[in-house]
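Undergrad: Please find one structure pasted underneath; my questions will follow.
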Amino acid sequence: MNIGFWSCVVLVIPFGTMGILFALFKDKAAKYVSGFNSFSKEEQALYDKYQISRDMRNQCFTWTAILFIGALLSYFLTSYMAIPTYIVWLILFFKEVHFDNYKAFEKYLLK
């Protein structure tokens, strides 16, 4: 049993699914973005929901691709390839973490 392969594949499925859902539902899916859903309806109207949803879609597909490549490398080379894969994924993941919702979404404000 290749634990590196399975540890990457386990996250490929949910991130791929989320990417597809954000692609299908476009601006309607923005309300499921963490932090944005805490804004009131009036505040949400001030932001570009389509752009938020598109960025989340791209982010999920990027994470899916990274973890899928890590799964393939873990399967064909060595299970230890999952370690650098997770390091790259964690760097990209925490790059997008913000503690202030307004600062996190300021680039999506409608002008």
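Undergrad: If I ask for residues that are within 13 Å of Val9 (Cβ to Cβ) and basic (Lys, Arg), which ones from region 59-106 would you list?
TA: Passing the criteria: none in range.
Undergrad: Exactly one of these conditions fails for Leu46: (1) surrounded by fewer than 17 Cβ atoms within 10 Å (Cβ to Cβ); (2) in contact with a helix residue (DSSP H, G or I) (Cβ under 7 Å, 6 or more places away or on another chain); (3) aliphatic (A, V, I, L, M); (4) modelled with pLDDT under 95. Give me its number.
TA: (2)
Undergrad: Of these, Tyr80, Tyr32, which one is farther than 19 Å from Phe105 by Cα and either buried (at least 16 other Cβ atoms within 10 Å of the Cβ) or not small (Gly, Ala, Ser) (or both)?
TA: Going through Tyr80, Tyr32 in turn, just one is farther than 19 Å from Phe105 by Cα and either buried (at least 16 other Cβ atoms within 10 Å of the Cβ) or not small (Gly, Ala, Ser) (or both): Tyr80.
Undergrad: Could you check Leu109 against (1) surrounded by 10 or more Cβ atoms within 10 Å (Cβ to Cβ); (2) within 29 Å of Val9 (Cβ to Cβ) and say which number it fails?
TA: (2)
Per-residue answers, yes or no, for (1) within 24 Å of Phe25 (Cα to Cα); (2) at pLDDT 95 or above:
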| position | (1), (2) |
| --- | --- |
| Arg54 | yes, yes |
| Arg57 | yes, yes |
| Thr62 | yes, yes |
| Ile66 | yes, yes |
| Ala71 | no, yes |
| Pro84 | no, yes |
| Glu96 | yes, no |
| Leu109 | yes, no |
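Undergrad: Scan region 51-71 for residues that are of a type outside the set (Gly, Ala, Ser) and either at positive phi or in contact (Cβ under 8 Å) with a residue 60 or more places away in the chain (or both) and report the count.
TA: Of the residues in region 51-71, 1 are of a type outside the set (Gly, Ala, Ser) and either at positive phi or in contact (Cβ under 8 Å) with a residue 60 or more places away in the chain (or both).
Undergrad: Okay, moving on. (1) in a helix (DSSP H, G or I); (2) within 28 Å of Asp100 (Cβ to Cβ): which one isn't true of Gly16, the others all being true?
TA: Every condition holds for Gly16 apart from (2).
Undergrad: Would it be correct to say that Lys111 is of a type in the set (D, E, K, R), assigned to a loop (DSSP other than H, G, I, E, B) and without any contact (Cβ under 8 Å) to a residue 60 or more places away in the chain?
TA: yes
The values are calculated or read from the model by the stated rules, or taken from the named source; none is laboratory data. The shown structure was predicted, so the numbers you read here are calculated from the model rather than taken from an experiment. As a convention, Cβ positions derive from the backbone with ideal geometry for all residues, glycine included, and neighbour counts pool all protein chains shown.
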